[in-house]
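For reference, the structure is listed below as structure tokens.
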Amino acid sequence: MAAPLEERFRTVRELHPEYRVETMSGRIVVNEAGTWQHNTCLFRVLRGLLAPAVERGWQIWPNITVYLGRQADRYVPDLTVVPRAPRLHKDYAVHGDSTLLLVDIVSAGSSYDDHYVKPRSYSPAGVPLYLVVDPAQRTVRLFSEPEGRAYGRETVAALDGPLFLPAPWELSLNTGEWW
């Protein structure tokens, strides 16, 4: 008999700590490290978020699993911003409603999951803001105002101008600097 998904997830995660291991719609997804383009974009997004996060006493974590509930999927965003004392689930996961912002840089194999699957799980878990940066489409998509099964607001902007992050950030980011 097959081991429960959570047990298999933990086993794969322990066997391959150098990879991003997620569960998605009942399957285990193992992602390789990003390309230099992916990592360059990630660095530039991080650079724009770092000073405001530090000023507020927040932390930015790469490679942390987001706990979305007992029977829910487990995702690992590229960046997770958390307050001083986030609520943790085990030592490898933070509760979704204890985050301040999740960021994913879309890669060739993650487009559908990043744009459509993950927001449907993040909203019910209380993730306040989810930012999807899509280099191929040259757009950013900000999901905000979680309302049950969907976000109440979705803002799409081109990657060449300002993007406003609402509370608790109250911050305008210049996405043109990300390229």
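The values are calculated or read from the model by the stated rules, or taken from the named source; none is laboratory data. Predicted model only: the values in this text are computed from it and were never measured. Backbone-built Cβ (ideal geometry, glycine too); neighbour counts: all protein chains shown. Please note that ligands, DNA and RNA were not included when accessible areas were found on the heavy atoms of the full protein model with its side chains. Shrake-Rupley method; radii C 1.70, N 1.55, O 1.52, S 1.80 Å.
The table for this structure:
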read-out: Tally of residues being touching a strand residue (DSSP E or B) at 6+ places or on another chain (Cβ under 6 Å), more than 16 Å from SER144 (Cβ to Cβ) and open to solvent by 10 Å² or more (accessible area, probe 1.4 Å) across the range 79-106; value: 7
read-out: Some residue of the range 127-148 being open to solvent by less than 20 Å² (accessible area, probe 1.4 Å), part of a loop (DSSP other than H, G, I, E, B) and polar (S, T, N, Q); value: no
read-out: Subset tally (residues that are in contact with a helix residue (DSSP H, G or I) (Cβ under 8 Å, 6 or more places away or on another chain) and either free of Cβ contacts under 8 Å to residues at least 24 places away in the same chain or closer than 24 Å to GLN59 by Cβ (or both)) for the range 155-179; value: 13
read-out: The range 97-114, residues that are within 11 Å of the chain's Cα centre (by Cα) and under 19 Å from VAL29 (Cα atoms); value: LEU102, VAL103, ASP104, ILE105, VAL106, ASP114
read-out: Members of the range 23-52 that are touching a residue at least 40 places away in the same chain (Cβ under 8 Å), among the hydrophobic types (A, V, I, L, M, F, W, C) and in a helix (DSSP H, G or I); value: CYS41, LEU42, VAL45, LEU49
